[in-house]
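The values are calculated or read from the model by the stated rules, or taken from the named source; none is laboratory data. Note that this is a predicted model, so its numbers are computed, not measured. We place every Cβ from the backbone using ideal geometry, glycine too, and count neighbours over all the protein chains shown. These accessible areas exclude ligands, DNA and RNA; they are computed on the full protein's heavy atoms, side chains included. Shrake-Rupley method; radii C 1.70, N 1.55, O 1.52, S 1.80 Å.
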Amino acid sequence: MLFGSIEYWAGIQLRNELLKKTSGKELITTLPIEEKNNFHLVVIVEGEVVGTLMLSRMNQTTMRIEQVAISKKVQGQGLGITLIEYAEEFSSELGFQHVFLTGRESAWSFYEKLGYQGNDVVEMNGTIRIKEFNKIIRVKEMETNG
């Protein structure tokens, strides 16, 4: 999806509703230029953006998953799993070996089921308890024609 597109702004609305409001953080109302070089993924069902996720490069080997939000009306249908798995595959194809994320307490078991290893450090982010998770992903081998 293109940065600043209609789909991008629909993802921003999901983030505001499901992440910013619930953590007591300021809502996003202007184009966040600091996100321009990140990868923005959305899930569209019947023409509506119902999921979003942002990927950013932490370093040469690690991609960071941020701002994961799935609309309440489709939660429990496996779209979050599909979106995370796609983000891992995408990261692998770009040559990244690790994925990092911070998850709110309500999602800890979700990330653990997907193979993420959490650390024992719990921090407050606004009004939400979060901790860090890491996962080693398989790097896609480059195909050769010879």
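Which distance in nm do the two modelled labels at Met58 and Val122 give, with both placed 7 Å along the Cα-to-Cβ direction?
The answer from the label model is 2.1 nm.
In 10 Å bins starting at 0, how do the alpha-carbon pair distances of the stretch 47-93 split up by percent?
Per 10 Å bin, starting at zero, the Cα-Cα P(r) for the stretch 47-93 comes out as 26, 49, 21, 4 percent.
Using a 1.4 Å probe and counting only protein heavy atoms, arrange Lys131, Lys73 so the residue with the most accessible area comes first.
The residues order as Lys73, Lys131, largest area first.
Determine the share of the stretch 35-141's accessible area contributed by carbon and sulfur atoms, expressed in whole percent, with a 1.4 angstrom probe.
Numbers: 2840 of 6130 Å².
Looking at the stretch 35-141 in its full context, I get 46 percent from C and S.
Over the heavy atoms of Leu79, what accessible area does a 1.4 Å probe trace out, to the nearest 10 Å²?
40 Å²
Return a whole-number percent for the relative contact order of the chain, with Cα pairs under 8 Å and 6 or more residues apart as the contact set. Numbers along the way, then the final one.
Numbers: 222 pairs, mean separation 28.6, N = 146.
Relative CO of the chain lands at 20 percent.
To the nearest 500 deg cm²/dmol, what mean residue ellipticity at 222 nm is calculated for the chain from DSSP H runs of n ≥ 4 alone, each contributing -39,500 (n - 2.57), summed and divided by the residues?
Numbers: 3 runs with 31 residues, N = 146.
One gets -6500 deg cm²/dmol as the mean residue ellipticity at 222 nm.
Can you put Ile70, Ile12 in order of accessible area, largest first, using a 1.4 Å probe?
Working: Ile70 25, Ile12 5 Å².
Accessible-area ranking of Ile70, Ile12, largest first: Ile70, Ile12.
Could you compute how much accessible surface Ile137 exposes when probed at 1.4 Å, giving the result in Å² to the nearest 10?
20 Å²
Can you say what percent of the DSSP beta bridges in the stretch 29-127, counting only those with both residues inside, are antiparallel? Round to 5. Show your work: numbers first, answer last.
Working: 13 of 17 bridges.
Antiparallel: roughly 75 percent of the beta bridges in the stretch 29-127.
Between the stretch 1-47 and the stretch 100-138, what is the C-alpha centre distance in whole Å?
21 Å
Mind listing the long-range amide H neighbours of Arg129? Cut-off is under 5 Å, sequence gap 5 or more, other chains count too, H placed in the peptide plane at 1.01 Å from N.
The list, which skips near neighbours in sequence, is Glu105.
If you plug each phi of the stretch 98-114 into the Karplus form 6.51 cos²θ - 1.76 cosθ + 1.60 with θ = phi - 60°, what whole-Hz ³J(HN,Hα) values come out, in order, with x for Gly and Pro?
Here the 3J(HN,Hα) series is 9, 10, 10, 7, 10, x, 6, 3, 5, 10, 4, 5, 4, 5, 5, 5, 8 Hz.
Per-residue accessible area for Ser56 at 1.4 Å probe radius, Å² rounded to 10?
Answer for Ser56: close to 20 Å² accessible.
Provide the per-residue ³J(HN,Hα) series for the stretch 5-11, in order, calculated from phi with Karplus coefficients 6.51, -1.76, 1.60 and θ = phi - 60°, each as a whole number of Hz, with x at glycine and proline positions.
6, 4, 5, 4, 5, 5, x
With percent of Cα pairs over 20 Å apart as the read-out, I listed [x] 50; [y] 53; [z] 57; which label goes with the value calculated from this structure?
Evaluating percent of Cα pairs over 20 Å apart on these atoms matches [x].
Determine the per residue accessible area of the chain with all protein chains present and a 1.4 angstrom probe, expressed in square angstrom. Write down the numbers at each step before the final one.
Working: 9030 Å² over 146 residues.
For the chain, the solvent-accessible area averages 62 Å² per residue.
About the Cα centre, and with charges only on the beta carbon of Lys, Arg (+1) and Asp, Glu (-1), how big is the dipole of the chain? Nearest 20 debye, please.
Details: 16 positive and 19 negative charges, 78 e Å.
Its charge dipole is roughly 380 debye.
Contour minus end-to-end for Ile6 and Phe90, with contour as 0.36 nm per residue of separation and end-to-end as the Cα-Cα distance? Provide the component values of the computation, followed by the final result.
Details: separation 84, 0.36 × 84 = 30.24 nm, distance 2.23 nm.
Here the answer is 28.0 nm.
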